[in-house]
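Asker: First, the structure itself, so that you have it in front of you.
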Amino acid sequence: MSGKQASKGEAANKSKKPAKGGAEEKREDALQAVILADSFQDRFQPFALEKPRCLLPLVNVPVIEYTLEYLASNGVQEVFIYCGAHSEDVEAYINDSDRWSPESNLCPFSSVEFIRVSDASSTGDFLRDLDKRSLISGDFILVHGDVVANIPLDGILARHRARREANRDACMTIVLRSTGDSPHRAAKARGITPVFVVDPTNGRCLQYEEMHPLQKDKYVKLDESVFDYGEFEMRTDLIDCGIDICTPDVLALWSESFDYELPRKNFLHGVLKDWELNGKIISAEILEEGYGARASNLQMYDCISKDILHRWTLPYVPDSNLLHGQTYKYKRGLWLEDGAHIAKNSTVTKSVLGKTAYVDTGSRISSSIIGRRCQIGKNVRIENSYIWDDAVIEDGATVLHSIVANDAVIGKHSYIPQGSLISYGVRISAGTQLPSKPLPRISLLTSEGEPAKTDIKLVGNDGKGAQYEEPEDDEDSDSEDEGDVDPAVLQSSLIYSLAGLNISSESISTLATHDSDDELSDDEYEHGFQSKANRERLSSFASDGSAAAAMKLDQFHGDAVHGLVDALRADDNEDFDSAKLEFMGLRLANNASDSMMRKAIAVAFATRAAELMSPENGGLEPTKAAGRALTSKKGAVKFITEVGVGGNKVDLHAEFALALQKALAAIKGLDSARAGTLLAALLQQLYNLDVLEEEGILAWWTDARAAENDTLSKIKEKSRVLVEWLENADEEDSDEDSDEEDEDSD
């Protein structure tokens, strides 16, 4: 049985409509928006057990604030909020807000209505219910309550309406952002890759699929009807902003398909597949500018947080003070609210500190978000982490790339490894070192919402909480492909990893390789499948097999590089085995060749070495940067030797040296002189570590490709001293051998 709080909706309309001049007949001209405040997913567990995703803090601001501000900035007048789990919390938050309450004079909307559907179990149930209510009078904007965007919609709306006027079957426009060469973290998110097949001449969306490393079939099969359009593009370089412009026909399509649950995997895929039956046209607006993404999982939460700090989301940044009463000011890489205190001899960089947060002496905090009233003790180390309001991190504790929720306490000298999720009110005893496997997800509640029995072996004698366990899957799984692993597992943790997912690398060597087909340009070394050149390679394919192959290779390079770099950056005691497993799993999933593996490994280690030379990462000299990049992780040198170089042949050694050279040439902000000096240092280190032999380095030096343009020539020249030393050493060895032979003959 479904229903809504009509009194609140009516109150909103009565209080706001007079401000608009409020005639009922003008309702059809009002721009409407529907916010889906519940996604029916568990990717934010255990936090979402106690608070809805849309109210979780994103850079110390509830996520839904970004969504509401975005809609207001685009002229939306009427808002319908569909609430599911924790509906009372969402309604209370909006009604208590000075900005969004329907009764507030500051509210930019003419009406705000909450809609509850008590028996809803999916997004599809929400939208089928909306169709029955007849609340939508014209075009409307459909978003989830976790959208962060600054993309103007006026032009998109105008083009949508023009298509609608030209063809009444044009029912929907999807807003997509091309990653291109974008530095946005959201552009580099991994796991499930959306695949849009579009007609580049008019933007019509022809087919939608999803790919991920766990699927049984490692390809996308194009519908035969796609080839009827002549030219088309298969795009894997697009961020789905989660913003749709819809007509009421979209709701009718949902009602006609009672089994559709998900907006993309079910609805979009199904409507496009059955176009000949329904006759409806869906278009894609592919943008090159602006920011748009969904905090749809913990990894996207992490990416968007970093993008906000890098100000890609302007005007929605901390010092805009979106919340009433916030007082953030930006100064030298820090955002501090009034009353935030950093003691002497503490170092805080690239971070946010909420009101009255306190950092005691000797502590080091970098790239982290600290909430209001948090207490950070002495000699604490916090990196890349999210510490929510009222949490306490006691003296000497270490927190690495983790989330610590409200009121949690991390005891003295405790160690919280990267990827940990510490939920509300959890207490970790002093001196406790949480394990890195399985990733700690500690909660006071079970998956059913019942109090969990404290596991003192995990949290210590004085601790509170237990490892959160997902509910067991229904044996009667409705997975379309029997044997496929649910890809949601890839996005259920803060850190992307394929470790522990039962992907074997034993049969990798049996896969066919075609090195000549896998060449990357210098630009693609850095950007992988995000580059324009790669996008053009996906246009106008004559067969679905070649399209899928190119797409998989693009996917491999981007995912592999980011995975290796993340592993090299991690400040922990982990060896390189898990990174190798993830890398080989990607290789298997994408059928990448030895050449592609070599290039990805070269890019990753070159990137890390260049990072270590930057001031914010210690400003190491090239020799030390090269040494640390190669040897800081146990097993990394062996990995380069066995997988990156891949054998004792001279040409393999030369190819890896060339791959390093091209990788350094592609790093933005690294001039040729510094790139050349770093290359010489890397080659020297690899020679000393017995990874590269002198014959291989000398073969690279004489290879014409190492000087095929001015940039490569300048980089190469810095290795002349090393090469001459190797040549002289080789000559000396030859002379010694000759002397020994002469002595023997005498």
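Asker: Only one of Glu383, Glu448 is of a type outside the set (S, T, N, Q), open to solvent by 30 Å² or more (accessible area, probe 1.4 Å) and in contact (Cβ under 8 Å) with a residue 60 or more places away in the chain; which?
Answerer: Glu383
Asker: Specify which of the listed residues (Leu678, Leu692) is open to solvent by less than 10 Å² (accessible area, probe 1.4 Å) and touching a His at 6+ places or on another chain (Cβ under 8 Å).
Answerer: Leu692
Asker: Still on this model: Go through (1) in contact with a strand residue (DSSP E or B) (Cβ under 7 Å, 6 or more places away or on another chain); (2) modelled with pLDDT under 95 one by one and return the number of the condition Lys344 breaks.
Answerer: The failed condition is (1).
Asker: So, one more: Considering (1) closer than 30 Å to Arg204 by Cα; (2) open to solvent by less than 40 Å² (accessible area, probe 1.4 Å), say which one Trp312 fails and leave the rest.
Answerer: (2)
Asker: Select the strands (runs of 3 or more DSSP E) contained entirely in the stretch 259-359, then report the ones holding at least 2 residues which are over 22 Å from Arg373 (Cα atoms), among the hydroxyl-bearing types (Ser, Thr, Tyr) and touching a His at 6+ places or on another chain (Cβ under 9 Å).
Answerer: By residue number, no strands (runs of 3 or more DSSP E) qualify.
Asker: Within the stretch 133-173, take every residue that is small (Gly, Ala, Ser) and touching a residue at least 40 places away in the same chain (Cβ under 8 Å) and give me the one that is nearest to Trp312 (Cα to Cα).
Answerer: Ala149
Asker: What number of residues within the stretch 228-261 are open to solvent by 40 Å² or more (accessible area, probe 1.4 Å) and basic (Lys, Arg)?
Answerer: Adding up the residues that qualify gives 0.
Asker: If you take the residues of the stretch 695-711 that are in contact with a Leu (Cβ under 7 Å, 6 or more places away or on another chain) and among the charged types (D, E, K, R), which of them is least open to solvent (accessible area, probe 1.4 Å)?
Answerer: Taking the candidates together, the pick is Asp703.
Asker: For the stretch 344-366, enumerate the residues that are open to solvent by less than 10 Å² (accessible area, probe 1.4 Å) and touching a residue at least 24 places away in the same chain (Cβ under 8 Å).
Answerer: Those that are open to solvent by less than 10 Å² (accessible area, probe 1.4 Å) and touching a residue at least 24 places away in the same chain (Cβ under 8 Å): Val352, Gly354.
Asker: Wholly within the stretch 573-661, which helices (runs of 4 or more DSSP H) include no fewer than the required count, namely at least 2 residues that are polar (S, T, N, Q) and crowded, with 16+ Cβ neighbours inside 10 Å?
Answerer: Output list reads 577-590, 594-613.
Asker: I need the full set of residues from the stretch 393-422 which are more than 16 Å from Ser368 (Cα to Cα) and either acidic (Asp, Glu) or assigned to a loop (DSSP other than H, G, I, E, B) (or both), in order please.
Answerer: Within the stretch 393-422, Glu394, Asp395, Gly396, Asp407, Ala408, Gly411, Lys412, His413, Ser414 meet the criteria.
Asker: Quick check: is even one residue across the stretch 62-82 outside any helix (DSSP H, G or I), open to solvent by 10 Å² or more (accessible area, probe 1.4 Å) and modelled with pLDDT of 95 or more?
Answerer: yes
The values are calculated or read from the model by the stated rules, or taken from the named source; none is laboratory data. What you are looking at is a predicted structure, and each value in this text was computed from that prediction instead of being measured. Backbone-built Cβ (ideal geometry, glycine too); neighbour counts: all protein chains shown. These area figures cover heavy atoms from the full protein model, side chains too; ligands, DNA and RNA do not enter into them. Shrake-Rupley method; radii C 1.70, N 1.55, O 1.52, S 1.80 Å.
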